[in-house]
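Worksheet: one structure, shown below.
Nothing in this text is a laboratory measurement; each read-out follows from the coordinates by a stated rule. Quantities reported herein were computed from a predicted structural model and do not represent experimental measurements. Please note: Cβ atoms are built from the backbone with ideal geometry, for glycine as well, and neighbour counts cover all protein chains shown.
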Amino acid sequence: MGYPEDLDHWRRAARIAAEARELGVSLVVPGAERRFVAEAIEDFIRTEGAQPAFPANLSRNDEAAHYTPGPEDVAAFRAGDLVKVDVGAHLDGAIADTAETVEVGGTHRLDNLVRAARDGLAAGIAAVRPGVRVNDVSRAIASAIHARGLKPIENLTGHSIERYLLHAGKAIPNVPGFSDATLAEGEVIAIEPFATNGAGSIGNGPFGNIQRFRADPGAKDPELARLFGRFRTLPFTARWIDRPEELEALRRARRTLQTYPVFVERGGGLVAQAEHTILVGPDRAEILSAAPPE
Ligand code: CO
């Protein structure tokens, strides 16, 4: 495998994703409309010359992931909401995926939970080197979260990333005991611990306005072919589609599409997430989506 040929694309996509994440974090304030925040994040990514790799996820409270506002969403954030700003950008299929958690309104009641996810991420990243067993990364993540008296979500994982494939073959579990894989120099992976004060696992909630093509639908339906040309196998949302003919084509093609449910904590617990896209370097992880200098 080795390093991606166009490593500069991966680095640039990750820098844009990191800036978009920070923008999102700054916009998640009491009274801000969710749809406005999602669109601001996605517009920023396009302005920087990249494309969103998936719709901006703004999951709240016991929602762990996979909620993006729909076209008609007018709901606003409230003080005390725990919001996961999970952002992806890509350049020609070179993808970065990164997330941070915000307690809206700076109420600081959930700092321990937010820090548990960050600690898990830092510990996981610190364990990365070529040849490391994924299981050792997972154990480091879980230990850091347990050290704050909280639980990692056991059925959500980080993932390897390949061109146009957000979730490529390799999972990076947030608890040990699930992986026989090792990491190789040159691999790009996303590490994304979720910490909770609930049961420690998620189940499927309602549709979160995110879907993707499982495969190329072919040329038979020109509307679908156009949409596939635009999104390939990456997740997208109806907010990005203006033409009614295309929305209609998507309704007809439901079997070609994967729809994502919102992931909801099974015990009703609050969930915090932290995520970076990293490159497995010659002797340690390089954080591609690190916060940009002020
Ligand atoms: Co991810």
Note: Glu286 to Ala215 extended length (0.36 nm per residue) minus current alpha-carbon separation gives 22.4 nm
The extension gain from Asn204 to Phe36, computed as 0.36 nm times the residue separation minus the Cα-Cα distance, is 57.9 nm
Counted neighbours (other Cβ, 10 Å), sorted fewest up, put His108, His146, His66, His159 in the order His108, His146, His159, His66
Taking the chain and counting helices only, DSSP H stretches of n ≥ 4 at -39,500 (n - 2.57) each over all residues, the nearest-500 ellipticity at 222 nm comes to -9000 deg cm²/dmol
Fewest to most Cβ atoms within 10 Å: Lys151, Lys220 sort as Lys220, Lys151
Descending packing, highest mean Cβ count within 10 Å first, for 169-181, 114-126 is 114-126, 169-181
Cα-only Rg/Rh for the chain with Kirkwood Rh rounds to 0.95
Among GluC sites (Glu not before Pro) in segment 34-139, those in a DSSP loop whose Cβ has at most 15 other Cβ atoms within 10 Å are Glu72
In order over segment 174-179: 3J(HN,Hα) from phi, Karplus 6.51/-1.76/1.60, θ = phi - 60°, whole Hz, x for each Gly or Pro, gives 9, 9, x, x, 10, 9
FRET efficiency (Leu247, Val29; Cβ distance; R0 30 Å; to 0.05) is 0.45
So for R0 = 41 Å, FRET eff. of Arg226-Ala184 from the Cβ-Cβ r, to 0.05, ends up at 0.65
Taking Cα pairs closer than 8 Å and at least 6 residues apart, the relative contact order of the chain in percent is 24 percent
Contact order relative to length for segment 135-294, counting C-alpha pairs under 8 Å separated by 6 or more residues, stands in percent at 26 percent
Relative contact order of segment 154-234 (C-alpha contacts under 8 Å, at least 6 apart) in percent is 29 percent
